[in-house]
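So the structure is just underneath, and the comments pick up after that.
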Amino acid sequence: MLILLPPSETKRAGGSGAPLDVSALALPGLAPQRAATLDALIALSADDELAARVLKLGPTQRDQVAVNRELRTAPTMPAVDRYTGVLFDALDAASLDPTSRRWLGRHVLVHSAPLGPVGALDAIPAYRLGAGARLPGLPALTTVWADAVSTAIAGAEPSFVLDLRSEAYVALGPVAGTVPSVYVRVVSGGADGAVRALNHFNKHAKGALVRRLASDRPRIGSARGFLRWAASAGLEARAGARGEIELFA
């Protein structure tokens with residue numbers, strides 16, 4: 001099973017790893033897109049004012065421009081530790097035992113805007129770039145990434161993909177129709193029987209789900225297998241619209 005996670009806008013600073021080695025990242029076929037996006041982001045960040053406008057940074061966020069200038073030389077840390085925020089706080093990968101962390105490294109990709117999907121344990125620097133940004137000198141990020149990411153994921157030949165990304169990041173690399181996959185929507189059931197999508201708790205539920213998967217390390221090869229595991233784990237999930245699973249929180 002392969003799990004796709006969205007990134008977080010907020011990131012932990014610093015790191016103790018060597019500078020970014022693009023050749024060591026998961027899905028190495030994405031190297032040309034990674035190089036082009038990194039070069040464009042670093043070039044943009046040479047101009048503080050322009051970068052702040054393009055990246056939609058407020059006055060208290062201007063330090064993120066300098067962070068982008070150092071993308072190729074800054075220290076790194078595992079992607080699953082770099083990201084913070086609701087989803088990654090619920091996952092709390094740092095507190096997992098070594099076996100569970102290795103499971104994350106084998107089964108989880110985090111979809112970064114400048115680097116595409118990277119392995120949970122891939123070493124990455126801090127950065128600032130969202131899925132909707134338009135970098136000077138490049139086409140829209142959907143054009144840069146979508147086909148290449150879809151091809152790279154299919155080329156990894158996963159038996160099953162559990163897609164937990166936000167829709168903005170799905171657009172940067174849809175899972176090909178030839179790959180068995182489901183998209184997970186986090187919902188709640190009302191007293192009237194209606195099912196409603198969640199916002200804030202959506203992220204928490206996804207992080208908690210991945211933590212439970214890393215702890216249990218089940219063998220899941222299909223949507224039906226995921227639903228069986230979820231029931232055995234005391235989680236409420238069911239088939240939703242075609243190609244989707246509803247996870248109740």
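If you go through segment 173-193 and keep only what is out of contact with any Phe, Trp or Tyr (no Cβ under 8 Å at 6 or more places or on another chain) and at pLDDT below 90, you end up with Gly190, Ala191, Asp192, Gly193. Total residues in segment 195-249 satisfying the condition of being farther than 16 Å from Ser159 by Cβ, open to solvent by less than 20 Å² (accessible area, probe 1.4 Å) and in contact (Cβ under 8 Å) with a residue 40 or more places away in the chain: the figure is 8. Based on this model, can you work out whether Leu164 counts as at pLDDT 95 or above, under 26 Å from Asp92 (Cβ atoms) and in contact with a Pro (Cβ under 9 Å, 6 or more places away or on another chain)? Yes: the conditions hold for Leu164. Exactly one residue among Ala133, Ala126, Ala51, Ala93 is open to solvent by less than 10 Å² (accessible area, probe 1.4 Å), out of contact with any Phe, Trp or Tyr (no Cβ under 9 Å at 6 or more places or on another chain) and over 22 Å from Leu2 (Cβ atoms), and that residue is Ala51. Filtered by the rule that a residue be of a type in the set (D, E, K, R) and either within 24 Å of Gln61 (Cα to Cα) or open to solvent by less than 40 Å² (accessible area, probe 1.4 Å) (or both), segment 4-48 gives Glu9, Lys11, Arg12, Arg34, Asp39, Asp47, Asp48.
Pick from Arg238, Arg219, Arg212, Arg196: which is on the phi < 0 side of the Ramachandran plot, modelled with pLDDT under 95 and of a type in the set (Lys, Arg)? Lay out the reasoning, then the answer.
On the way: Arg238 fails: modelled with pLDDT under 95; Arg219 fails: modelled with pLDDT under 95; Arg212 fails: modelled with pLDDT under 95.
After ruling out the rest, the residue left standing is Arg196.
The values are calculated or read from the model by the stated rules, or taken from the named source; none is laboratory data. All values derive from a computational prediction rather than experimental measurement. Ideal geometry is used to build each Cβ from the backbone, glycine not excepted, and the neighbour counts take in all protein chains shown. Please note that ligands, DNA and RNA were not included when accessible areas were found on the heavy atoms of the full protein model with its side chains. Shrake-Rupley method; radii C 1.70, N 1.55, O 1.52, S 1.80 Å.
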